[in-house]
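Notes follow once the structure below has been shown.
The values are calculated or read from the model by the stated rules, or taken from the named source; none is laboratory data. Here the structure is a predicted model, which is why all the values come from computation and not from measurement. Quick reminder, even Gly has a Cβ in these numbers, built from the backbone with ideal geometry, and neighbours come from all protein chains shown. Ligands, DNA and RNA are stripped out before the accessible areas are found, and what is left, the full protein with its side chains, is counted by its heavy atoms. Shrake-Rupley method; radii C 1.70, N 1.55, O 1.52, S 1.80 Å.
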Amino acid sequence: MRRAALTPEDVGLPLGGRRRTPGLRREEVAQLAGVGATWYTWLEQGRDVRASLDVLEAIARALRLTPAERTHLILLGRGEEAPPCKPPAERVSPTIRRLIENLELAPALLLGRRWDYLAWNRAACALFGDFDKVPRAARNHLWLMFMDPARREMFPDWERGSRMAVAKFRADSARHIGDPSFDELIQALRQSSPEFCKAWKRHEVGRSGEGRKELIHPLLGTLIFEHAVFHPSEAPQQRLILYTPVPELGTPARMAELLERDPAPLALVAAR
């Protein structure tokens, strides 16, 4: 039983003295889910109680059920297929945020599971444009790659880079099949970008790694960076992207020069 596999410490409850059996008590699960202890006992005993979807979702969260276990619970409790699981809101660790902000000359970006921009630093704004001025619905790494003309012009080999990005995004999206937010983004890109459609139909899958990134800034010309992607251990679905300026072409000094100016907003971005 799932309840027996959890301890009070796992869910933030006090131990509450000695226990004759391992795991959470029924009344503790009921407390976490916000339901009556008697009603929850009847549910466990298989009595004929009709539970709302919200209540079953609360029980699934209280017991920390896997997606498959959640689906099974809703099927048993309501006799119907479970709707797609709504992912939790994404949060940025204060430690990761401070790390990003303290990287003065190195542009740094934190992407969420769907590649939405969650955090960035001044250097990233100086290089790519002010993300705060991009509409929230368009503040997505893949969307801007295909729909922002200024972003496209920064990459000497945009076609190859965008194709690789789609392959990496496909690999990430496979972990979120049924997530409507992914479906919405993919459908919007398919309707708006023939290049994305072509790349998506290739069904290629890629992965991130280290490399060299050459970017063409509209004011300073060619800049060269070492590029790396990291996954925070506390939020492995997030992607921390770092661009480290290398000495070639005086990139560090030119980044310092760029940071002395006010970051310019990104060029026209197609709305979503």
Which of LEU15, LEU223, LEU105 is most accessible, then next, and so on - probe 1.4 Å
LEU15, LEU105, LEU223
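Which shape class applies to segment 54-98: rounded if a/c is under 1.5, otherwise prolate when a/b exceeds b/c and oblate if not, where a ≥ b ≥ c are the square roots of the Cα gyration tensor eigenvalues?
On the way: a/c = 3.51, a/b = 2.95, b/c = 1.19.
It is prolate, given that a/c is not under 1.5 and a/b is the larger ratio.
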Just add up the charged neighbours of THR71: K/R +1, D/E -1, any other residue whose Cβ is under 12 Å from the Cβ of THR71.
-2
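How much of the accessible area of segment 124-264, probe 1.4 Å, is carbon plus sulfur, in whole percent?
Working: 3780 of 7480 Å².
For segment 124-264, the apolar C and S fraction of the accessible surface comes to 51 percent.
Can you compute the helix-only [θ] at 222 nm over the chain? Use -39500 (n - 2.57) per DSSP H run of at least 4 residues, normalise by all residues, nearest 500 deg cm²/dmol.
Numbers: 12 runs with 111 residues, N = 272.
The helix contribution divided over the chain gives -11500 deg cm²/dmol.
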Once the other residues with Cβ under 12 Å from the Cβ of ARG152 are scored (Lys, Arg +1; Asp, Glu -1), what is the net sum?
-4
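From largest accessible area down, sort TRP158, TRP39; use a 1.4 Å probe on the protein chains.
Ranked from most to least accessible, the order is TRP39, TRP158.
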Can you give the relative contact order of segment 106-259 as a percent, counting alpha carbon pairs under 8 Å and 6+ residues apart?
26 percent
Just one of (i) 1.09; (ii) 0.95; (iii) 1.01 is Rg/Rh (Cα atoms, Kirkwood Rh) as worked out from the coordinates here. Which one is it?
(i)
Residue-wise HN-Hα coupling along segment 113-118, computed from phi with Karplus coefficients 6.51, -1.76, 1.60 (Hz; x: Gly, Pro)
4, 9, 6, 6, 6, 9
Ranked by accessible surface with a 1.4 Å probe, highest first, in what order do ASP183, ASP116 come?
ASP183, ASP116
Residue-span extension gain [ASP157 to HIS72] - 0.36 nm each, minus C-alpha spacing
25.8 nm
Excluding ligands, DNA and RNA, what is the solvent-accessible area per residue of the chain at a probe of 1.4 Å, expressed in Å²?
57 Å²
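So what is the relative contact order of the chain, in percent, for Cα pairs below 8 Å that sit 6 or more residues apart? Kindly include the intermediate steps, with their values, before the conclusion.
Values: 376 pairs, mean separation 48.8, N = 272.
Contact order relative to length: 18 percent.
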Taking every other residue with Cβ under 15 Å from the Cβ of ARG175 and scoring Lys and Arg +1, Asp and Glu -1, one gets +2
